[in-house]
1. Just to be sure, is A:I128 within 14 Å of chain B (Cβ to nearest Cβ), β-branched (V, I, T), buried (at least 24 other Cβ atoms within 10 Å of the Cβ) and in contact (Cβ under 8 Å) with a residue 60 or more places away in the chain?
2. Under 7 Å between Cβ atoms, which residue pairs at least 6 apart in sequence (or on different chains) link something in the range A:227-238 that is farther than 21 Å from A:V23 by Cα with a partner that is surrounded by 16 or more Cβ atoms within 10 Å (Cβ to Cβ)?
3. Criterion first (surrounded by 20 or more Cβ atoms within 10 Å (Cβ to Cβ) and more than 14 Å from chain B (Cβ to nearest Cβ)) does A:V110 satisfy it?
4. So, A:T112, is that one in contact (Cβ under 8 Å) with a residue 24 or more places away in the chain, farther than 30 Å from B:Q91 by Cβ, part of a helix (DSSP H, G or I) and of a type in the set (S, T, N, Q) or not?
5. How many residues are outside any helix (DSSP H, G or I) and either surrounded by 17 or more Cβ atoms within 10 Å (Cβ to Cβ) or within 13 Å of another protein chain (Cβ to nearest Cβ) (or both) when one looks only at the range B:66-100?
6. Counting residues that are exposed (fewer than 13 other Cβ atoms within 10 Å of the Cβ) and over 22 Å from the mean Cα position of the chain (by Cα), which helices (runs of 4 or more DSSP H) fully inside the range B:181-256 reach at least 1?
7. Would you be able to tell me the number of residues in the range B:167-180 that are away from every other protein chain (no Cβ under 14 Å) and within 16 Å of the chain's Cα centre (by Cα)?
8. Going through the range B:111-124 one residue at a time, which ones are under 24 Å from the mean Cα position of the chain (by Cα) and either modelled with pLDDT of 90 or more or of a type in the set (V, I, T) (or both)?
Amino acid sequence: MNEKIIKPFEVVGAQVLGWLKVVNDFSRLAGQVFYWIFFGAAKKKPMKQPPIFEQMVFMGARSIVIVFFVTFFTGIVLAMQSAQQLSKLGGTIYVASLVSISICRELGPVLTALVIAGRIGAAITAEIGSMQVNEQLEALDTMAINPIRFLIVPKVVALFFMLPCLTVIGDLSGMLGGYIIGVYNLGINSHLYIQTAFDYLTPKDIYTGLCKSFVFALIISLVGSYQGIHTRGGAVGVGRATTVSVVTSFILIIVADCIVTGIFYFSNV
Amino acid sequence: MREHKVAISVKDLVKNFDGRRVLDGITLDIYHGETFVIMGGSGCGKSTLLRHMTGAMKPDSGKIFFGDKDLTSLDEDQTEQVKRRFGMCFQSSALLDYLNVQENVSLPLREHTTLDPKIISIIVKMKLSLVGLSGFENLMPSMLSGGMKKRVGLARAISMDPEAVFYDEPTAGLDPIVCAVVDKLILDLNKKLLLTSVVVTHNMESVFRIADRVAMLHKGRVLQIGTPDEIRNSKDPIVQQFINGRLDGPINFSESIEDINYSEEA
């Protein structure tokens, strides 16, 4: 009888402890990453540039095409959907500002982050995870090479700078999509479209979007690395960790998007 | 009996995983310049013991002395200093697969020293010729056979001129001839570089080929330490069952299955 009463508490307690452990491990990892970024030089182990550049090329330059396609077509869809509604009100011209604002504030940063979470977050987890199951991380450790400094820091730094760049590209290609519908389908004058698009766009629209992408970059790289380091159980484990990494990144990106938007919304910066 | 200088000393080492005792008070001394073999069945704690010696795991209690330094009580920087004094050769070789042989072997040198790249490449050539792989500098690990990878891993382990080298199952998964090659290499390096070698293995042929002394582990305890001859002539039924690979004896099969589960959790 007694056991029946205690059992649910045990289950819930174990679950909560499990989550707390994840949060604890994750913040530790993040702490170590920032420690090596900011204080590594003090220990005469500054960051090395070549791996950071390599990662930047892989994460940034090679992702441009996929980011372009996703945001470009979203811009087209957005323009087509809004044109139908706005034409009823006789304000087809406002398609331009609607597309540019919604792309810069919201869709550009979020879609770019989701695409990169799928491409780069998964790659980070798969790479570090397979190194973990093949004892390579342990090998680095026995060679007195800190795996976090050696492997993870370059990835975090590279993505931190590349994701905002990709977001700018995403914003522009989204607006290009809107432009194509606006000018070639709705018959808006090209000059007028561009002017309307940028007239209503405030600096705040752009920097809130970019602020978000810095946060998203940290989420993607840290979640990816965390899942990689904690990979267990061979090839199956790597697959599982990669899935968990992408799903977790997706959820955290949307939650962080809500929080950051909320901060700007309520603080009226 | 000759007086030996102790290189590595393990005292009362205890380690638990999820309430299961994997190491149960291990005490042993490893002498300078000898080849010390740790053997035992799967899950007996031998790999765990090795990971404690390399500083990859922290014990629940007990001490490990490397020279006069206690590995268990050092802070991170000091541990790093000690780690540079030994090399480790992994079961899966653990070469970084996005670097070529040259870059893999030179990795510790590039990270820990400010040597000129030219000098580093000379050192790499030396180490590769020691393991018999001269001219393989530009190959990627994926192009090498298992035995070659092991040898590159070994070259990497000795790249910093360590005092001791740890080998985790150096002959696992290799054919008998390559096994013999690797064993000979371990002995050669031991003599040429005056290394202390600690080898974890359950390959009995290897054990009797390379060992100066052997420790038999069973259920997290040291069952017996002695020369290969002493082990061969041991009266202990567990040791006899193990070295002769008999099915019937004090170690029964279901127990071994359980032990394998322990080690996978670890």
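The values are calculated or read from the model by the stated rules, or taken from the named source; none is laboratory data. Here the structure is a predicted model, which is why all the values come from computation and not from measurement. For neighbour counting, all protein chains shown are included, and Cβ atoms are generated from backbone atoms with ideal geometry for every residue, glycine included.
1. yes
2. Close Cβ pairs (under 7 Å, with a partner that is surrounded by 16 or more Cβ atoms within 10 Å (Cβ to Cβ)) amount to A:G234/A:V133.
3. For A:V110, the condition - surrounded by 20 or more Cβ atoms within 10 Å (Cβ to Cβ) and more than 14 Å from chain B (Cβ to nearest Cβ) - is met.
4. yes
5. 20
6. Because the criterion is at least 1 residues that are exposed (fewer than 13 other Cβ atoms within 10 Å of the Cβ) and over 22 Å from the mean Cα position of the chain (by Cα), the helices (runs of 4 or more DSSP H) in the range B:181-256 that meet it are B:237-244.
7. Adding up the residues that qualify gives 2.
8. Scanning the range B:111-124 gives B:I123, B:V124.
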